[in-house]
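Written below as structure tokens is the structure these notes are about.
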Amino acid sequence: MASEANNPALRSWIEVETNSHFPIQNLPFGICRSPAGGDLHVCSAIGEFVIDLAALDEVGAFDDTPVAGTEVFHEPTLNAFMALGREAWSATRQALSQLLRDDCDELRDNTELCGRALQPANEIELQLPVDVGDYTDFYSSREHATNVGTLFRGADNALLPNWLHLPVGYHGRSSSIVVSGAPVRRPQGQTRPDDKQPPVFGTSNMVDFELEMGFFVGPGNVLGKPVPVGEAEEHIFGMVLVNDWSARDIQKWEYQPLGPFLAKNFATTVSPWVVTLDALEPFRCRGPEQEPRPLAYLQCNDGAFDIALEVWLTPDGATATRICESNFRYLYWSMAQQLAHHTVGGCNLRTGDLLASGTISGQTNGSRGSLLELAWRGEEPLSLDSGEQRSSVQDGDTVTLTGWCQGDGYRIGFGECSGQLLTAH
Ligand code: MN
């Protein structure tokens with residue numbers, strides 16, 4: 001079913017630019033206000049338009065899918081739809097694709113329905129698409145782990161002994177997850193700038209971004225019943241861009257022995273459109289070779305996806321500079337391996353949980369996915385097109401992540417994950 005909606009030759013009666021992130025082959029899911037009535041509904045995106053799926057459901061557009069009769073598109077979050085499972089998501093995307101094809105006039109010629117279902121994307125307010133339950137952040141980029149380990153512990157002790165054997169991760173905080181466009185407040189906390197002096201309380205002076213991607217859990221698993229790695233993707237609804245904002249000075253003092261706490265829990269930004277694994281399927285690829293070979297419960301080697309990633313930094317009132325180019329395929333551990341590992345001890349995942357990748361760095365200096373690495377802890381400040389330099393994010397700076405899969409004449413994109421850093425309280 002997925003393959004038909006993925007046909008690169010498909011065109012829509014809605015005009016879509018070739019570099020748009022939202023051609024008919026994508027059809028991501030999100031939440032926006034209905035043009036008629038103003039309620040929050042499940043929606044999709046195509047070109048410069050947003051489509052209200054509840055309005056289409058009311059006229060029977062999804063009657064032949066498992067969504068029929070469920071009213072899930074009238075919910076203010078994606079959770080109920082996500083819980084229905086992959087067959088429902090695939091059938092919805094296929095039905096929508098059919099309605100939007102240039103050889104289908106059913107919706108195109110229904111002016112009244114178009115008025116209730118379609119609205120320009122630039123007129124809508126972006127919503128957090130999911131009521132996020134638990135948030136887990138992994139640490140799955142070998143290059144990032146090596147860079148950070150080198151900076152914090154030295155080159156000889158960079159990669160800890162467990163790293164090549166399991167996807168290292170920690171349980172994060174979901175309450176401070178915000179959608180792209182929401183400002184982020186510079187945090188305060190405890191730091192120890194001088195190892196020979198007592199710690200001090202104050203404003204963080206080393207706010208950083210982390211280029212990550214994350215996936216939302218669709219159907220969960222029962223407590224005590226692990227998900228085998230080969231079935232893991234059945235539990236993955238789709239992916240978003242994630243900026244795991246970090247305060248490096250707070251992190252450096254607090255992280256041992258249990259990992260980051262206040263350094264990470266002040267904000268995490270996600271992009272508003274959830275791109276399904278069905279839409280990403282044509283871009284599946286092999287990840288890096290895994291040596292030593294992982295234990296049997298983690299064996300799976302085609303779980304990577306070729307997703308080009310960029311980070312742009314825009315000082316207040318100045319021009320934007322692209323400061324990083326990376327790729328999701330660089331990650332050592334795949335989403336399927338992360339999910340299998342997360343549940344192998346019996347932990348239950350629930351619909352709406354967010355599992356993020358960890359910072360995605362590559363092998364070149366320009367593919368480092370955080371300012372900590374890009375400016376090598378301040379030793380090599382980054383030069384911006386505005387003439388300024390950066391070793392950390394400054395008040396007023398906007399950090400924007402973007403990403404897409406490049407197809408033949410089209411892109412499957414994620415839009416933007418953007419946030420401006422505000423002065424501390
Ligand atoms: Mn992180």
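Yes/no per residue for (1) more than 16 Å from the ligand (Cβ to nearest atom); (2) within 27 Å of residue 79 (Cα to Cα):
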residue	(1), (2)
296	yes, no
301	yes, no
326	no, no
352	yes, yes
Candidates 336, 356, 308, 340, filtered to the one that is surrounded by fewer than 20 Cβ atoms within 10 Å (Cβ to Cβ) and of a type in the set (Gly, Ala, Ser): 308
Number of positions in the range 108-127 that are within 14 Å of residue 30 (Cβ to Cβ) and part of a helix (DSSP H, G or I): 1
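From the list 130, 67, pick out the single residue that is touching a Gly at 6+ places or on another chain (Cβ under 9 Å), assigned to a loop (DSSP other than H, G, I, E, B) and crowded, with 20+ Cβ neighbours inside 10 Å.
The unique qualifying residue is 130.
Yes/no per residue for (1) away from the ligand (no atom under 16 Å from the Cβ); (2) farther than 25 Å from residue 164 by Cα:
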{"residue": "252", "(1), (2)": "no, no"}
{"residue": "270", "(1), (2)": "no, yes"}
{"residue": "275", "(1), (2)": "yes, yes"}
{"residue": "281", "(1), (2)": "yes, yes"}
{"residue": "286", "(1), (2)": "yes, no"}
{"residue": "309", "(1), (2)": "no, no"}
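Quick grid of which residues meet (1) within 16 Å of the ligand (Cβ to nearest atom); (2) under 18 Å from residue 47 (Cα atoms):
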{"site": "109", "(1), (2)": "no, no"}
{"site": "114", "(1), (2)": "no, yes"}
{"site": "140", "(1), (2)": "yes, no"}
{"site": "144", "(1), (2)": "yes, no"}
{"site": "149", "(1), (2)": "yes, no"}
{"site": "153", "(1), (2)": "no, no"}
{"site": "158", "(1), (2)": "no, no"}
Strands (runs of 3 or more DSSP E) (entirely within the range 191-298) containing at least 3 residues that are crowded, with 20+ Cβ neighbours inside 10 Å and in contact (Cβ under 8 Å) with a residue 12 or more places away in the chain: 211-217, 236-243, 268-270
Positions within the range 160-189 being over 21 Å from the mean Cα position of the chain (by Cα) and exposed (fewer than 14 other Cβ atoms within 10 Å of the Cβ), in sequence order: 160, 161, 162, 165
Filter result for the condition that a residue is under 22 Å from the mean Cα position of the chain (by Cα) and either in the same structural domain as residue 233 (by TED's automatic domain parsing) or in a loop (DSSP other than H, G, I, E, B) (or both), over 415, 345, 409, 387: 415
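The values are calculated or read from the model by the stated rules, or taken from the named source; none is laboratory data. Keep in mind the model is a prediction, meaning the values are calculated, not measured. So basically every Cβ, Gly included, is an ideal-geometry build from the backbone, and we count neighbours across all protein chains shown.
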